[in-house]
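Chemist: Mind having a look at this structure? Questions to follow.
Rule-based calculations on the coordinates, nothing more; no lab input. Predicted model, so just to flag it, every value in this text is computed and none were measured. Glycine also receives a Cβ, built like all others from the backbone with ideal geometry; neighbour counts cover every protein chain displayed.
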Amino acid sequence: MILVDANLLLYAYNQDSPRHAVARVWLEREISSGRPVRLALVTLLAFVRIGSDSRVFSEPLTSAEACGIVQTWLEAPNVQMLAPGPRTWTHLAKLCDQGQAKGALVMDAHLAALALEHGAVVASTDRDFDRFDGIKKINPLLGGRPRWDTHSASTQPPTSFPNLLASMDTRAVCMIAQQKLVSLYELN
C-alpha cells in the first residue's frame with residue numbers, strides 16, 4: 001500500500017514544475033494500477049490549499065477544480081483516504097521526539113505515523129522522511145528502490161522502475177534523467 005505525500009500530487013498538477021511530467025505519469029499509473037493507494041486528509045487539504053494558491057502556481061486551480069480532482073482520485077476503486085488508527089497518536093508523539101519534528105515537519109511526522117499504523121510505504125520526494133526510523137519510503141521520481149525498514153516482512157517494492165520507464169514517453173524519461181543529474185550535482 002502506497003501513502004502519497006502532497007508534493008507528488010502537486011507536481012503532477014503544476015505544469016511549471018520540472019517534475020510535472022514524471023509525477024503525472026507516476027500518479028496516473030498508480031491510480032490505474034489497481035494496487036492500494038492511500039491519501040491522508042491532511043495531504044488532500046494541502047493539495048487543495050497549495051494548488052489553488054497563485055503564489056505557488058502560475059495558473060492556480062480554483063478550489064472547485066482542486067476538490068474535483070481529489071474526488072476523481074477517491075472514486076478510483078483502489079484509492080481511499082487513510083484515517084488515523086488507535087496507535088497513530090502514539091506513533092506521532094514518538095516520531096516527533098525521535099525526528100525532532102516541529103513546525104511544518106509535524107505534518108510529515110503525521111504521514112509517517114499513519115504509514116507505521118497501516119504498514120504503508122510513503123511515496124514522497126521529501127527527504128525529511130529520512131529522519132523517522134522504521135518508515136518505508138520511496139521517491140518514485142528518482143526511480144530508486146524504496147528504503148525498507150530492515151524488520152519489514154515485505155521485500156518487494158511497490159513499483160518497478162523499468163516498468164515505469166517502459167510506460168513513459170520520451171519527455172518523461174528525459175525528466176527523470178534531468179532529476180537524477182540535479183540530485184547528483186546537489187550531493188557534490
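Chemist: Identify the residues of region 1-32 with backbone N under 17 Å of a label point that sits 7 angstrom from the Cα of ALA64 along the Cα-to-Cβ direction, or state none.
Modeler: Counting backbone N atoms under 17 Å from the label point, the list is empty.
Chemist: A follow-up question, please. Could you work out how far the C-alpha centroid of region 98-127 sits from that of region 70-92, in angstrom?
Modeler: That distance is 14 Å.
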